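Following: one structure in structure tokens, then a few remarks.
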Amino acid sequence: KYILKNKPGAKIGVLYQNDSYGKNYLNGLKTGLGTHKNQIVDAESYNLGDSAQVIAAHEVAMRAHGADTFVVFATPQATIYSLIDRTAIGWSPLTLVNNVSANRLFALSAGQNGADLNGIIFDIAAHGWAGSQKEPGSPDNVAHANPQRRLAKFDERRSRAYAKYAAMRGKRVPQAAE
């Protein structure tokens, strides 16, 4: 629904895992697009364990088919490869990552290995780290212009939580009298 509302003329390229997991996501996208499912210009499947080069070859094919929107229905390793590779080949489509790989650690890993994270929309319904769930319709729940700044904010929170935990762990808990 996001694509139909925000990029109605999208030419969609899909990377999906070649098993029931990936095929179910692909079929769900087609169902969601309804009469617009012909906007999928290329759907490329990969096998679990495929190399970054194999993933990149799929992305080159999608770009050659004119895809300007990239939907990733992949497990974390393939997602990380895809984000790094799309940057390496100079392809900057609107990118949507499914909930399985919408984890800040995976995004950080991709970013630390050369992926440009700008313009990537992570499915935050399950993970909430990319947006506030207090306002479900808010633009903050979709994409951020500066995801690195947003991720840094969560690193600060994590550091404070670790410090608080360490302080609590260092305190002695009174023993119950026998």
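Structure data summary
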item: Filter result for V41 (in contact with an Asp or Glu (Cβ under 8 Å, 6 or more places away or on another chain), β-branched (V, I, T) and either assigned to a strand (DSSP E or B) or modelled with pLDDT of 95 or more (or both)); result: no
item: One residue from A78, A67, A61, A57 being in a loop (DSSP other than H, G, I, E, B), among the aliphatic types (A, V, I, L, M), modelled with pLDDT of 90 or more and within 23 Å of N27 (Cα to Cα); result: A67
item: Pair list, Cβ < 8 Å and 6+ apart or interchain, from region 69-89 residues that are closer than 20 Å to A10 by Cβ and basic (K, R) to residues that are open to solvent by less than 20 Å² (accessible area, probe 1.4 Å) and part of a strand (DSSP E or B); result: R86/F70; R86/T95
item: Residues that are buried (at least 16 other Cβ atoms within 10 Å of the Cβ), out of contact with any helix residue (DSSP H, G or I) (no Cβ under 6 Å at 6 or more places or on another chain) and modelled with pLDDT of 80 or more, drawn from region 109-134; result: G111, I120, I121
item: Which numbered condition S20 misses (of (1) at pLDDT below 95; (2) more than 18 Å from the chain's Cα centre (by Cα); (3) within 20 Å of N6 (Cβ to Cβ)); result: (3)
item: Sole exception among (1) of a type outside the set (S, T, N, Q); (2) part of a helix (DSSP H, G or I); (3) open to solvent by 60 Å² or more (accessible area, probe 1.4 Å) for L48, by number; result: (2)
item: All positions within region 14-45 that are crowded, with 18+ Cβ neighbours inside 10 Å and hydrophobic (A, V, I, L, M, F, W, C); result: V14, L15, L26, L29, I40, A43
item: G9 surrounded by fewer than 18 Cβ atoms within 10 Å (Cβ to Cβ) and assigned to a helix (DSSP H, G or I); result: no
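Every residue, every condition in (1) without any contact (Cβ under 8 Å) to a residue 40 or more places away in the chain; (2) over 14 Å from the mean Cα position of the chain (by Cα), yes or no:
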residue	(1), (2)
A10	no, yes
L15	no, no
N27	yes, yes
T31	yes, yes
S51	yes, yes
H58	no, yes
A64	yes, yes
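The values are calculated or read from the model by the stated rules, or taken from the named source; none is laboratory data. Small disclaimer: the values here were computed from a predicted structure and weren't measured. A quick note on method: Cβ atoms are made from the backbone with ideal geometry, for glycine too, and the neighbour counts reach across all protein chains shown. Only protein heavy atoms, including side chains, enter the accessible area calculation; ligands, DNA and RNA are left aside. Shrake-Rupley method; radii C 1.70, N 1.55, O 1.52, S 1.80 Å.
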